[in-house]
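Comments concern the structure below.
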Amino acid sequence: RTVLYPGIRYVYENDFLTLSPKIGLHYTNYDLDTGITEDRTLPIYSMSASLAFERNMRIGDVELTQTLLPQIFYVHVPFEDQSDLPLFDSGLSSFSLSQIFSENIFSGGDRINDADQLTVGVSSQFLDAKSGVERFKITAAQRFHFDEELVVINPTEAPRTGNRSDILLGGNGRISESWRANTLLQYSGVLDEVISHDHQLQYKPCLLYTSPSPR
């Protein structure tokens with residue numbers, strides 16, 4: 001299997017706006033020992049945009065800087081029947097904050113999703129005003145589909161239905177110098193309930209460095 005994905009990306013930035021369109025051509029060729037040769041060529045267009053705002057605030061005796069980052073991510077990939085292509089290492093990626101802002105919902109290189117979709121998200125950080133260290137961050141994101149998706153891992157599977165994804169809500173923060181907490185909720189608007197949640201508590205010892213005494 002040979003996979004090539006050349007592309008061109010342009011990035012425009014100023015004090016509050018970041019705009020980044022990208023166009024690429026994803027090419028995959030299979031030359032199997034059985035003598036079967038298959039290939040697939042798909043153009044992929046994406047564009048990400050974000051705004052950045054910040055303000056100073058105080059909670060008790062702690063001075064903080066709060067940032068607000070609304071962002072969008074658009075992807076367009078035309079449909080191509082891939083049911084005859086081999087399946088070596090592809091699978092459906094887990095639904096997460098990184099996957100919802102990605103071009104392809106599949107891992108590996110054997111399946112490329114057809115897409116006409118827009119992801120909308122917003123995140124907010126609370127930073128220590130003096131050190132710039134992140135104390136807390138919250139994120140929310142949802143994907144909207146403008147057309148049906150037809151590409152699946154196996155032909156027996158049913159493609160996605162509905163014009164919007166579940167909502168992802170994530171948060172992580174510093175409890176102390178050594179402890180951090182992370183949480184991720186997946187909320188279904190159709191079922192009107194949280195259908196999955198993941199919580200983590202991380203401990204990393206804070207090592208203090210003491211300079212040697214002069215002799």
Can you work out the Karplus-derived ³J(HN,Hα) for every residue in segment 26-31? Use 6.51 cos²θ - 1.76 cosθ + 1.60 with θ = phi - 60°, whole Hz, and x for glycine or proline. 9, 10, 10, 10, 10, 10
Over the chain, what is the mean sequence separation of C-alpha contacts under 8 Å (at least six apart), divided by residue count, expressed as relative contact order in percent? 12 percent
Give the long-range amide H neighbours of ILE105: residues separated by 5 or more places, or on another chain, with amide H under 5 Å away, using H modelled in the peptide plane at 1.01 Å from N. ASN113
List the residues, sorted by chain then number, that are 5 or more residues from LEU64 or on another chain and whose placed amide H is less than 5 Å from its amide H. MET57, ARG58, ILE59, ALA129
Ranked order, LYS204, LYS22, LYS130 - accessible area, probe 1.4 Å, largest first: LYS130, LYS204, LYS22
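What FRET efficiency do you get for TYR45 and ALA129 if R0 is 41 Å and r is their Cβ-Cβ distance, rounded to the nearest 0.05? It would help to have the intermediate numbers written out before the result.
On the way: r = 40 Å, r/R0 = 0.98.
Given R0 = 41 Å and the Cβ-Cβ separation, E is 0.55.
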With charges only on Cβ, +1 for K and R and -1 for D and E, what is the dipole size of the chain about its Cα centre, in debye, rounded to 20? 1340 debye
Mean separation of Cα contacts under 8 Å (6+ apart) over length of segment 132-187, as relative contact order %: 37 percent
May I ask you to evaluate 6.51 cos²θ - 1.76 cosθ + 1.60, the Karplus curve with θ = phi - 60°, for each residue of segment 162-175 and list the ³J(HN,Hα) values in order in whole Hz, giving x for glycine and proline? x, 9, 8, 8, 5, 8, 9, 10, x, x, 8, x, 9, 7
Please identify, among ARG55, ARG40, ARG164, the residue showing maximal mean-square fluctuation in a Gaussian network model of the chain using a 10 angstrom Cα cutoff. ARG55
If one puts a single equal scatterer on every Cα of the chain and applies the Debye formula without solvent, what log₁₀ I(q)/I(0) results at q = 0.08, 0.10, 0.16, 0.18 Å⁻¹? -0.42, -0.62, -1.18, -1.33
Can you bin every Cα-Cα distance in segment 139-187 into 5 Å intervals starting at zero and give me the percent of pairs per bin, rounded to whole numbers? 5, 17, 14, 15, 14, 12, 8, 7, 6, 3, 0
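Once the mean 1/r over all distinct Cα pairs of segment 1-60 is inverted, what Kirkwood radius in angstroms do you read off?
It is 15.1 Å.
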Residue among ASP89, ASP15, ASP110 with the largest mean-square fluctuation in a Gaussian network model of the chain, springs linking Cα atoms under 10 Å: ASP15
Length gained when the stretch ILE195-MET57 is fully extended (0.36 nm per residue, less Cα-Cα span): 46.2 nm
The farthest towards the positive end of the charge dipole of the chain, of the residues THR28, GLN99, PRO155, given +1 on Cβ of Lys and Arg and -1 on Cβ of Asp and Glu, is GLN99
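Could you sort THR161, THR2 by their accessible area in this structure, using a 1.4 Å probe and putting the largest first?
Numbers: THR161 120, THR2 70 Å².
Descending order: THR161, THR2.
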For LYS204, which lysines qualify as cross-link partners when the Cα separation must be under 27 Å and same-chain residues fewer than eight apart are set aside? LYS130, LYS137
Considering only protein heavy atoms, what is the solvent-accessible area of ILE105 at a probe of 1.4 Å, reported in Å² to the nearest 10? 20 Å²
With every protein chain kept in the model, how would you rank HIS197, HIS145 by accessible area, 1.4 Å probe, largest at the top? HIS197, HIS145
If you put +1 on each Lys and Arg Cβ and -1 on each Asp and Glu Cβ, how big is the dipole of segment 1-103 around its Cα centre, in Debye rounded to 20? 400 debye
Calculate one ³J(HN,Hα) per residue across segment 38-47 by plugging θ = phi - 60° into the Karplus curve 6.51 cos²θ - 1.76 cosθ + 1.60, and present them in order as whole Hz with x for glycine and proline. 10, 8, 8, 10, 10, x, 10, 10, 9, 8
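For ASP147 and LYS22, what is the calculated FRET efficiency with R₀ set at 22 Å and r taken between the beta-carbons, to the nearest 0.05?
0.65
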Using amide H atoms built in the peptide plane, which far-off residues or other-chain residues are under 5 Å from ARG160 H to H? GLU149
Directionally averaged projected area (convex hull, Cα atoms, segment 28-111), nm²: 8.3 nm²
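The values are calculated or read from the model by the stated rules, or taken from the named source; none is laboratory data. Just so it is clear, the structure is predicted and the values come from calculations on it, not from any experiment. For neighbour counting, all protein chains shown are included, and Cβ atoms are generated from backbone atoms with ideal geometry for every residue, glycine included. Side chains included, ligands, DNA and RNA excluded: accessible areas come from the protein's heavy atoms. Shrake-Rupley method; radii C 1.70, N 1.55, O 1.52, S 1.80 Å.
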